[in-house]
Amino acid sequence: MSMNLDANIPEGPLADKWQNFIANERLVNPSNKRKFKIIVVGTGLAGASAAATFGELGYEVEAFTFHDSPRRAHSISAQGGINAAKNYPGDGDSVHRLFFDTVKGGDFRAREANVHRLAEVSNEIIDQMVAQGVPFAREYGGLLDNRSFGGAQVSRTFYARGQTGQQLLIGAYQQLSRQIGLGNVKLWNRMEMVDIVNIDGRCAGIVCRDLLTGEFSSHSAHAVVLATGGYGNVFYLSTNAMSCNVTAAWRAHRRGAAFANPSYTQIHPTCIPQADDFQSKLTLMSESLRNDGRIWVPVSADETRTADQIPEDERDYYLERIYPSFGNLAPRDVSSRAAKRMVDAGQGVGPLKNGVYLDFADAIERLGRSTIEERYGNLFDMYERITGENPYETPMRIYPASHYTMGGLWVDYELMTTVPGLYAAGEANFSDHGANRLGASALMQGLSDGYFVLPYTISMYLSKLLNKPIPDASHEEFTKVENEARDRFANYLAIDGTQGPDYFHRKLGKIIWDYCGMDRDADGLRKALSDISSLHEEFKKDLKVTGSDKNVNQTLEKAGRVDDFFELGMLMCKDALNREESCGGHFRVEYQTDDGEAVRNDEDFAYVSAWEWTGDPLEPNEHKEQLEYEVVKFQTRSYK
Amino acid sequence: MTILTNITIKIWRQEGPDTEGRFETHQIPEISDEASFLELLDILNERLIEEGKEAIVFDHDCREGICGTCSMMIDGQAHGPQKGTATCQLHMRTFSSGDEIVVEPWRATAFPIIKDLMVDRAPFDRIMEVGGFITAPTGGAPDANIIPIPKPVIDASMDAASCIGCGACVAACPNGAANLFTAAKITHLNLLPQGQAERYKRAEAMVEKMDEYFGSCTNHGECEAACPKEISIDTIATMNVDYWKSKFKNRQHLDR
């Protein structure tokens, strides 16, 4: 089947495209807005900000979250900060530089026009969040403070201690709460979207499962926005929250939405290493720590001394050595791979030799303990609670872990998927980060999509539906999809095998981590595809879910999510296998320089892979959106 | 890594809001001290599933102490024995071999039990909806640096804003009061210059909504002791002052 991958990029020079779009877009007049119903699934940064803004504009909005409250979304865990091109420090930043850094950081695999728009609205985000009462860090004079982050040579990151995501999400949640209180947004909590419904070639609504009663219900709308986050939990161990999952995006994919660049996953360099086999998740230590911490390993693989006993000349500050101009602030993909190499070479530290040191001794000596405490106190406390070690006295131990997924549902410039009327925002879409996301850019993108992009672009679609009848939830297609979902969940209970969903998830995660993690090769990916497929068959025969489907059943919820992770996992490997180059988070060992740097192939692979579901998870169809660069010139990414 | 042995878990099971609950006892022969308390429950749940029994329902998500989802009384203390620590960040090294650990849901009339350890904290959202915000619709915000905010002000605001909305303060309070939660939000916004326009309206609306659901504060201070973010009960004084002012202040003359 052919697939329309027209990105609908507006006319004009790159820097004018967004303004041209706004100048020429079709609007819905204020009194007509209440005739349109928009469903927003997910209430993280992108979802809450979109739902609140739609409500303010006068649309009828229904927001769905599977949490008990919108305030729980995983955006809350982001620590380090949010980028903007304010240039408050006067260190040479500009919209163009933020745009360029993001395209370069993404290893020239992002869509230029989307990234430029992101950089343009970044400043408005900061203004908006401050007006809402987000307590960003300030200098003594009362003005906003900035810090630097990986992949940039300017300080453009705004932060609220180590809790920036929390404060921004609370800001968006406050806006959403106000709209709920005013009756402009109806909130459905503890409701999980389990499918979408398409009628006459457009998305007509969603089917949900009530997590408290197990009941299925249909909800129709003029447009549906999925702001349901990324799929990093496919690795089982990741920095994602326990319930982060791919189900909403995957079910949309199965109903016709193309899934783009699934192999682009980000492995974050600074997480606390795994301590034992039954570990349920990994904890991130903010990248901002790399501003003041120095990363090193002992020179000798046989090192047995504690960190403080190892003299300077027997330490390898490998990032500073290999990447002198960016040093400890090299981008995430580069830093992660470097750490893996050190550990693979036997130079790892800690009881399992599975980490590298992140050492603050020099910074404490230079700045004093109180400054370090002010900057990172809550992170140091968290580290101590988890490991039982005090990072003011002994260096932290860190290791890369799955953290973010750049891939996601394919969207055009207006953030619409290949299904008309179905939009994807935030981490759920693929659009802005290319093959690698820079630190402090996820919060920026989530808020950009929700506050400043969707509210403009959605009227392009809605205006065409004015005064046209749309099917309501009693339409037979809703009934059909609802019944399919009901049967699917009933089946998980009926299998009555021997192993719970976590058992399968753990095994699936290990396959993906081993073969489609920090480095990949063709043989490994082929093996992974066959292993995942057989494990999925085993899942279908041997899954055990206890309890009932008539009240809260977290085991049943998990079973549905793991089922979808299997199919996504296969698509990831398929995508990684097809992309015969190394770029950003996708590192194919066959394509590297002698000193281990990624080798991109712009001739053949400067495209977005957009996969179409065929019914067989091992035989998806690949479509390509060629990436055209008007302003940026391809170059080899170097942080040396 | 040290292995703890012979841990007994006495845990609350309750089928639904209207059914009678009971304690159930489970033995954990061995557990690493590196395990988090919730990982102990994960292991127990996997065992229950293998035995064909229903897993224990409990709310949890980020496991980084920031989303505020986890909520349990451990040995009678909200979030357990470690100060300034949410349940998900509590590790087994806090316990010893041979311990009997009693696990219950949040205890508060305003937070009815849904199942096992899961409770309904929706009243917190209702309080937020009447005033826990600054009215600043999207678009048209002035430049972020236009109003300098002194560092001590922003720091105090941030201290209050670090509330994770978990409900430990309510669970720990003998009266089931939500004063610390409500005061944290009011203090976060009322200290800021941006929050002044709605300062008294906010305090009045949020306090009165709180009183519809929760008990009254009688200054026990248990909330502060239980708070995983160590939010100070000084915020309650700030809230009380703003609430009483809201009753007699002429709002046409905010600056006087």
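Cα axis of helix A:164-181 to longest principal axis of chain A: angle in degrees, 0 to 90, nearest 10?
The helix A:164-181 is inclined about 20 degrees to chain A.
Could you list the residues of the range A:337-379 with an amide nitrogen less than 20 Å from a label point located 7 Å from the Cα of B:Lys83 in the Cα-to-C-beta direction?
Taking a point 7 Å out along Cα→Cβ of B:Lys83, the residues of the range A:337-379 whose backbone N falls under 20 Å are A:370, A:373-374, A:377-379.
Once the principal axes of the Cα atoms of chain B are found, what is the range along each, listed largest first in whole angstroms?
67, 40, 36
Have a look at the range A:56-73 and report residues whose accessible surface goes down by 10 Å² or more when the remaining protein chains are included, against the chain on its own, probe 1.4 Å, ligands and DNA/RNA excluded.
Residues of the range A:56-73 that lose at least 10 Å² of accessible area once the other chains are added: A:Glu56, A:His67, A:Asp68, A:Ser69, A:Arg71, A:Arg72.
If all Cα-Cα distances of the range B:121-253 are sorted into 5 Å bins from 0 onward, what percent lands in each bin, rounded to whole numbers?
2, 11, 20, 23, 20, 13, 7, 3, 1, 0
Please give the calculated 222 nm ellipticity per residue for chain B, where each DSSP H segment of at least 4 residues contributes -39500 (n - 2.57) and the sum is spread over every residue; nearest 500 deg cm²/dmol? Walk me through the numbers on the way to the answer.
Working: 8 runs with 87 residues, N = 256.
It lands at -10500 deg cm²/dmol.
Keeping all protein chains in the complex and leaving out DNA, RNA and ligands, what accessible area do you get for A:Ser325 with a 1.4 Å probe, in Å² to the nearest 10?
It works out to around 60 Å².
How big is the range A:202-241 by the Kirkwood estimate over distinct Cα pairs, in Å? Walk me through the intermediate numbers first.
Working: mean 1/r = 0.0784 Å⁻¹.
About 12.8 Å for the range A:202-241.
Could you compute how much accessible area chains B and A hide from each other, both sides summed, with a 1.4 Å probe? Nearest 100 Å² is fine. Mind dumping the intermediate values first?
Numbers: alone 13230 and 23660 Å², together 30490 Å².
About 6400 Å² of accessible surface is lost on pairing.
To the nearest whole number, what is the average tally of beta carbon atoms from other chains within 10 Å of the beta carbons of peptide B:114-125?
4
Multiply the residue separation of A:Ser94 and A:Lys186 by 0.36 nm, subtract the distance between their alpha-carbon atoms, and state the gained length in nm to one decimal.
Numbers: separation 92, 0.36 × 92 = 33.12 nm, distance 3.92 nm.
Gain in length upon complete extension: 29.2 nm.
With chain B treated as a Gaussian network of Cα nodes joined by springs under 10 Å, which of B:Lys245, B:Lys209, B:Lys115 yields the largest mean-square fluctuation?
Evaluated over chain B, the most mobile residue of the options is B:Lys245.
Counting other C-beta atoms within 10 Å, and keeping those with at most 10, which DSSP coil GluC sites (Glu not before Pro) do you find in the range A:11-60?
Values: sites: A:Glu11, A:Glu25, A:Glu56, A:Glu60; in loops: A:Glu11, A:Glu25.
Passing both the DSSP loop test and the Cβ count: A:Glu11.
Please work out the Cα convex hull volume for the range A:439-488 and give it in Å³ per residue. Intermediate results must be reported in sequence, preceding the final value.
Numbers: hull volume 6.2 nm³, N = 50.
Taking only Cα atoms, the range A:439-488 has a hull volume of 123 Å³ per residue.
Who wins for biggest fluctuation among B:Glu224, B:Glu51, B:Glu212 in a Gaussian network model of chain B, springs between alpha carbons below 10 Å?
Checking each option, the largest mean-square fluctuation is seen for B:Glu51.
What do you get for Rg/Rh of the protein assembly as shown when both radii come from the Cα atoms and Rh is the Kirkwood radius?
Values: Rg = 25.9 Å, Rh = 27.6 Å.
Taking Rh as the inverse mean 1/r over Cα pairs, Rg/Rh reads 0.94.
Roughly how many whole Å is it from the C-alpha centroid of the range A:406-426 to that of the range A:45-87?
Comparing the Cα centres of the range A:406-426 and the range A:45-87, I get a distance of 17 Å.
Tell me, what does the Kirkwood hydrodynamic radius of the range A:476-626 come to in angstroms if you use every pair of distinct C-alpha atoms? Don't skip to the end; give the middle numbers.
On the way: mean 1/r = 0.0578 Å⁻¹.
Evaluated over the range A:476-626, this radius sits at 17.3 Å.
Could you do me a favour and compute the accessible area per residue for the range A:182-259, 1.4 Å probe, result in Å²? Could you put the intermediate results ahead of the total?
Values: 1790 Å² over 78 residues.
Result: 23 Å² per residue.
Rg and Dmax of the range A:333-376, using alpha carbons, in Å: what are they?
Values for the range A:333-376 (Cα only, Rg and Dmax): 13.8, 36 Å.
Quick one: accessible area per residue over the range A:1-144, 1.4 Å probe, rounded to a whole number of Å²? Walk me through the numbers before you get to the answer.
Details: 4560 Å² over 144 residues.
I get 32 Å² per residue for this part.
What does the structure give for B:41-52 when I average, per residue, the other chain Cβ atoms found within 10 Å of the residue Cβ? Don't skip to the answer; put the middle values down first.
On the way: counts 1, 5, 3, 0, 5, 8, 1, 4, 11, 6, 1, 4.
What the average comes to for B:41-52 is 4.
Where the centre of each part is set by its Cα atoms, how far does the range A:116-184 sit from the range B:196-215, in angstrom?
If you average the Cα positions of each part, the centres end up 25 Å apart.
Suppose accessible area is computed on protein heavy atoms with a 1.4 Å probe; arrange A:Phe100, A:Phe21 from highest to lowest.
A:Phe100, A:Phe21
Sticking with the crude label model, points 7 Å out along Cα→Cβ, report the distance from A:Lys550 to A:Ser530 in nm, one decimal please.
Each label point is offset 7 Å from its Cα along the Cβ direction, giving 4.6 nm.
Taking every pair of distinct Cα atoms and averaging 1/r, then inverting, what Kirkwood hydrodynamic radius in Å comes out for the range A:268-402?
Details: mean 1/r = 0.0671 Å⁻¹.
For the range A:268-402, the Kirkwood estimate is 14.9 Å.
Describe numerically, in nm with one decimal, the distance between label points set 7 Å from Cα along Cα→Cβ at B:Phe23 and at A:Ser2.
7.1
For the range B:12-144, how big is the tail of P(r) above 17 Å, as a whole percent of Cα pairs?
Working: 5750 of 8778 pairs.
Cα-Cα pairs in the range B:12-144 separated by more than 17 Å: 66 percent.
Could you order B:Lys83, B:Lys247 so the one with the most accessible surface comes first? Probe is 1.4 Å.
Reading off the accessible areas and sorting them downward yields B:Lys83, B:Lys247.
Report ³J(HN,Hα) in whole Hz for each residue of the range A:293-303, in order, from the Karplus equation J = 6.51 cos²θ - 1.76 cosθ + 1.60 where θ = phi - 60°; Gly and Pro get x.
Coupling constants for the range A:293-303: x, 10, 9, 7, 9, x, 5, 8, 6, 8, 4 Hz.
As I understand it, the value is the acute angle between the Cα axis of helix A:95-105 and the longest principal axis of the Cα atoms of chain A; what does it come to in degrees, rounded to 10?
Value to nearest ten degrees: 80.
Counting alpha carbon pairs within less than 8 Å and at least 6 residues apart, what relative contact order, in whole percent, applies to the range A:268-402? Please list the in-between numbers first.
Details: 200 pairs, mean separation 46.9, N = 135.
It comes to 35 percent, rounded to a whole number.
Ignoring ligands, DNA and RNA, what percent of the 1.4 Å accessible area of the protein assembly as shown is carbon and sulfur?
Carbon and sulfur atoms account for 48 percent of the accessible area of the protein assembly as shown.
FRET efficiency for B:Trp244 and A:Thr213, Cβ-Cβ distance as r, R0 = 51 Å, nearest 0.05?
Details: r = 43 Å, r/R0 = 0.84.
It comes to 0.75.
Please list the three semi-axes, largest first and in whole Å, of the ellipsoid equivalent to the range A:378-431, using sqrt of 5 times the eigenvalues of its alpha carbon gyration tensor.
Semi-axes from the Cα gyration tensor: 42, 10, 8 Å.
Using helices alone, what [θ] at 222 nm do you get for chain A, with -39,500 (n - 2.57) per DSSP H run of 4 or more residues, divided over all residues and rounded to the nearest 500? Walk me through the numbers on the way to the answer.
On the way: 18 runs with 227 residues, N = 640.
My calculation for chain A gives -11000 deg cm²/dmol from helical runs alone.
When DSSP assigns beta bridges and you keep just the ones with both residues in chain A, what percent turn out antiparallel, to the nearest 5? Present the calculation step by step, with values, prior to reporting the outcome.
Working: 45 of 65 bridges.
Antiparallel bridges: around 70 percent, rounded to the nearest 5.
Mind checking the per residue accessible area of the range A:483-640 for me, 1.4 Å probe, whole number of Å²? Write out the running numbers ahead of the final one.
Details: 6480 Å² over 158 residues.
Dividing the accessible area of the range A:483-640 by its residue count gives 41 Å².
For A:Glu628 and A:Ala522 in the same chain, what is the full-extension length gain: residue separation times 0.36 nm, less their Cα-Cα distance, in nm? The partial results should precede the final answer.
On the way: separation 106, 0.36 × 106 = 38.16 nm, distance 2.77 nm.
Contour length minus Cα-Cα distance gives 35.4 nm.
Considering the zone a paramagnetic label at A:Gln19 would reach in this model (a point 7 Å from Cα along the Cα-to-Cβ line), which residues of the range A:112-145 have amide N under 13 Å from it?
A:120-121
Students sometimes get this wrong: rank A:Glu303, A:Glu590 by accessible area, probe 1.4 Å, all chains present, largest first. Don't skip to the answer; put the middle values down first.
On the way: A:Glu303 35, A:Glu590 80 Å².
So the residues, ranked largest to smallest area, are A:Glu590, A:Glu303.
The values are calculated or read from the model by the stated rules, or taken from the named source; none is laboratory data. Fair warning: this is a prediction, and the values are worked out from it, not measured in the lab. Note: ideal-geometry Cβ built from the backbone for every residue, glycine included; neighbour counts use all protein chains shown. The area values use the complete protein model at the heavy-atom level, side chains included, leaving out ligands, DNA and RNA. Shrake-Rupley method; radii C 1.70, N 1.55, O 1.52, S 1.80 Å.
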